[in-house]
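K.L.:
Mind having a look at this structure? Questions to follow.
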Amino acid sequence: MRLRVEYEKGQELKYLSHLQMMRLVERVLRRADLPYALSEGFNPRIKLSLGTVLPVGIWGLREYFDLELTSHLESRHFMERAQAAAPMGFRIRRAMSVPFEVPSLQAQINTAVYCLVVGDEAGRAEVGEVIQSILEQRELVVRSRGKKPREKDLRPGIYQLHGSVLDGRLEVTAVVASGSSQNVRPDELVDGLKSRGLSYEIIDIYRWGNLIKQGDGYRSPLNDEKVELCSGR
């Protein structure tokens, strides 16, 4: 049996690396005494695959992992047992069985939604002008921070960009390409906004979700349902 799980990596865990997050999930599964499958060989590991990497310092509302089980387990029972063994900041949101022939998360997810929190609601007019400036241009070139720094055009990988006020906080929401040559990272987004005149501080960044872009629509990696972007947390 194969389970696909949607979870929240809260602010308490945002400084854990991808590898550390993998180990945390493995510990939760062991503590919950779940019937997880193990790989073969001298160093058997839980057959667990986390989705796209979440950069250190950023938390996520809708992250995913796939897990192989040796016996059938109802999704609600998995959620109850796993959540009881989970640390603060780790919350199981949903889980469901998926066929083995369904492609991996890494193969399916091609879009990410990042929310950049601006430190002052008074900056709403400025944020609107910066966003409009970016959307009107064909290029948004920044200096990539990879191992080999280079000029990178973010604009082809920015699908949507808008500002809003949520719970009294001003946020910039960016729907961007993920896991491809047009991949856009959140730190690059910050650089792009600043290059277009944003003077306010970004005080927090979180990933609202990972999605599958199909044409002009977006679907959930969990159940392939159509997703309404940023319809609450």
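Every read-out reported here was derived from the displayed coordinates using simple, explicitly stated rules and does not represent laboratory data. The structure presented is a predicted model; accordingly, all values stated were derived computationally and were not measured. Note that each Cβ is placed from the backbone with ideal geometry, even for glycine, and that neighbours are counted across all protein chains shown.
K.L.:
Can you give me the long-range amide H partners of THR111? Hydrogens built in the peptide plane at 1.01 Å from N, cutoff under 5 Å, separation of 5 or more residues or another chain.
P.N.:
SER178, LEU211, LYS213
K.L.:
I need the fraction of alpha carbon pairs in segment 126-196 separated by more than 19 Å, rounded to a whole percent. Walk me through the intermediate numbers first.
P.N.:
Details: 754 of 2485 pairs.
Percent of Cα pairs beyond 19 Å in segment 126-196: 30.
K.L.:
Right, another one. Quick one: Cα centre-to-centre distance for segment 15-92 and segment 172-233, in angstrom?
P.N.:
Computed from Cα coordinates, the inter-centre distance equals 24 Å.
K.L.:
May I ask you to list the residues of segment 186-203 whose amide nitrogen lies under 17 Å from a point 7 Å from Cα along the Cα→beta-carbon direction of ARG143?
P.N.:
187-197
K.L.:
Still on this structure, I have one more. Does the chain classify as rounded, prolate or oblate by the C-alpha gyration tensor (a ≥ b ≥ c root eigenvalues; a/c under 1.5 gives rounded; else a/b over b/c gives prolate, otherwise oblate)?
P.N.:
Values: a/c = 2.06, a/b = 1.89, b/c = 1.09.
Taking the square roots of the gyration eigenvalues as a ≥ b ≥ c, the chain is prolate.
K.L.:
Also: Any idea what log10 I(q)/I(0) is at q = 0.10, 0.15, 0.16 Å⁻¹ for segment 65-163, Debye with uniform C-alpha scatterers and no solvent?
P.N.:
Here the Debye-derived log intensity ratios amount to -0.57, -0.91, -0.94.
K.L.:
Here's another thing I want to ask about it. Given q = 0.12, 0.23 Å⁻¹, what are the Debye log10 I(q)/I(0) values for segment 46-115, with equal point scatterers placed on the Cα positions and solvent ignored?
P.N.:
Debye output, listed in q order: -0.38, -1.31.
K.L.:
Please give the FRET efficiency for HIS162 paired with SER199, using the beta carbon to beta carbon distance and R0 = 22 Å, rounded to the nearest 0.05. Before the final figure, lay out the partial values.
P.N.:
Numbers: r = 19 Å, r/R0 = 0.87.
For R0 = 22 Å, the calculated efficiency reads 0.70.
K.L.:
Which value in nm describes the separation of the simple spin-label points at GLU40 and LEU19, placed 7 Å from the Cα toward the beta carbon?
P.N.:
The modelled label-to-label distance comes out at 2.7 nm.
K.L.:
Just list whichever of LYS194/LYS226; LYS47/LYS194; LYS148/LYS226; LYS14/LYS47 have alpha carbons separated by over 30 Å in the model shown. Let's see the in-between values first.
P.N.:
Values: LYS194/LYS226 33 Å; LYS47/LYS194 42 Å; LYS148/LYS226 37 Å; LYS14/LYS47 24 Å.
Result: LYS194/LYS226; LYS47/LYS194; LYS148/LYS226 exceed 30 Å.
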